[in-house]
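The values are calculated or read from the model by the stated rules, or taken from the named source; none is laboratory data. If you're wondering where the values come from, they're calculated on a predicted model, not measured in any experiment. Cβ placement follows ideal geometry from the backbone for every residue including glycine, while neighbour counts extend to all protein chains displayed.
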Amino acid sequence: MKHNSYMHIWIEAENWSEGEWDIENTNLDVIVTFPNRSKYLASFFTYQNVISLTERYKETGENMEGAYFSASDMVLIDIASRERIYQLIDYLIDNDTFKSVFTRCPDVEIDEDDLFPEDFFEKKVIK
């Protein structure tokens, strides 16, 4: 994994309780932030999770009894491990497709700097 330090990656599941993160059957949000304060979001779903949700919808009647499935900012992935997510992000950046897969969010505000490593953001030089 060649993950570069020029980005900060937040994975929702890293904030879940121990044992809740099933890398083969889950959905989770991922936010990628760059030193220029730009921020991007994607919602990762494992293939197995889509099957599980569709089966549940058939029982509950949701989504026309499982007839359809949709989610905004959805990215399908085989396993949702930290390593695989990092691999995919690197792949998307290397192949210049990151911005077509992830959705741009409002930039990080200065009052949110404490949520990131010290000196992560580019400093503006005043002349």
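Out of 65, 59, report the one residue that is without any contact (Cβ under 8 Å) to a residue 12 or more places away in the chain, at negative phi and outside any loop (DSSP other than H, G, I, E, B). Please lay out each step first, then the result.
Working: 65 fails: at negative phi.
Only one candidate qualifies: 59.
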Checklist entry - Which members of segment 2-20 meet the condition of being surrounded by 13 or more Cβ atoms within 10 Å (Cβ to Cβ) and under 15 Å from residue 88 (Cα atoms)? => result 3, 7, 8, 9, 10, 11
Checklist outcome for this item: Taking segment 35-51 and keeping only residues that are out of contact with any strand residue (DSSP E or B) (no Cβ under 9 Å at 6 or more places or on another chain) and either buried (at least 16 other Cβ atoms within 10 Å of the Cβ) or not hydrophobic (A, V, I, L, M, F, W, C) (or both), one is left with 36, 37, 48
Next on the checklist: Going by what's in this entry, would residue 61 be described as out of contact with any helix residue (DSSP H, G or I) (no Cβ under 9 Å at 6 or more places or on another chain) and of a type outside the set (A, V, I, L, M)?
Outcome noted: yes
Item to check | Candidate set: segment 21-34, residues that are out of contact with any Leu (no Cβ under 8 Å at 6 or more places or on another chain) and surrounded by fewer than 16 Cβ atoms within 10 Å (Cβ to Cβ); chosen: the one nearest to residue 97 (Cα to Cα) | outcome: 24
Item to check | Pairs, first over 28 Å from residue 119 (Cα atoms) in segment 27-50, second hydroxyl-bearing (Ser, Thr, Tyr) and surrounded by fewer than 20 Cβ atoms within 10 Å (Cβ to Cβ), C-beta under 7 Å, six or more apart | outcome: 27/43
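Just to be sure, is residue 51 in contact with a His (Cβ under 9 Å, 6 or more places away or on another chain) and over 13 Å from residue 23 (Cα atoms)? Spell out how you get there, then give the answer.
On the way: in contact with a His (Cβ under 9 Å, 6 or more places away or on another chain): no; over 13 Å from residue 23 (Cα atoms): yes.
The answer is no for residue 51.
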Item to check | Cβ pairs under 7 Å, 6+ apart, first in segment 72-100 and in contact (Cβ under 8 Å) with a residue 40 or more places away in the chain, second among the acidic types (Asp, Glu) | outcome: 79/24
Item to check | Test set (1) modelled with pLDDT of 95 or more; (2) surrounded by 11 or more Cβ atoms within 10 Å (Cβ to Cβ) - residue 121 fails condition number | outcome: (1)
Item to check | Residue in segment 49-67 that is modelled with pLDDT of 95 or more and closer than 21 Å to residue 10 by Cβ present | outcome: yes
Next on the checklist: Between 51, 31, which is assigned to a helix (DSSP H, G or I) and either on the phi < 0 side of the Ramachandran plot or in contact with a Phe, Trp or Tyr (Cβ under 6 Å, 6 or more places away or on another chain) (or both)?
Outcome noted: 51
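Can you confirm whether residue 92 is over 25 Å from residue 19 (Cβ atoms), surrounded by 12 or more Cβ atoms within 10 Å (Cβ to Cβ) and within 16 Å of the chain's Cα centre (by Cα)? Don't jump to the end; show me each part of the working.
Numbers: over 25 Å from residue 19 (Cβ atoms): yes; surrounded by 12 or more Cβ atoms within 10 Å (Cβ to Cβ): yes; within 16 Å of the chain's Cα centre (by Cα): yes.
For residue 92, the condition - over 25 Å from residue 19 (Cβ atoms), surrounded by 12 or more Cβ atoms within 10 Å (Cβ to Cβ) and within 16 Å of the chain's Cα centre (by Cα) - is met.
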